[in-house]
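Below is one structure, written out as structure tokens; the observations come after it.
The values are calculated or read from the model by the stated rules, or taken from the named source; none is laboratory data. As the structure is a computational prediction, the values presented were derived from the model and not from experiment. Calculation scope for accessible area: heavy atoms of the full protein, side chains included, ligands and nucleic acids excluded. Shrake-Rupley method; radii C 1.70, N 1.55, O 1.52, S 1.80 Å.
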Amino acid sequence: MGESKRRKAELGDNYGQPEPIVSWLPFLTKQKANQFVQITTTGAWIGIGIMVAYWVTIRFIGPAFGWWKVY
């Protein structure tokens, strides 16, 4: 409990607020970095899904309906 009180006294008004990753970029916090990673990972999986759907359409669906031929 003493460590917590010492840290609170040392940080003052900044106690409990997210700590920036780099001091010269105050808006980049660990929470924002994790959110960025989550969004880009989701976007990558969506892109992979779209690419697979496109490939299935080109390779299987189009030739099955006679839209084009795949040699």
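Kindly indicate whether any position in the range 54-62 is open to solvent by 100 Å² or more (accessible area, probe 1.4 Å), of a type in the set (Ser, Thr, Tyr) and modelled with pLDDT under 85. No, the range 54-62 has no match at all. If only residues of the range 27-53 that are open to solvent by less than 90 Å² (accessible area, probe 1.4 Å) and not in a helix (DSSP H, G or I) are counted, the one that is farthest from Ser4 (Cα to Cα) is Leu28.
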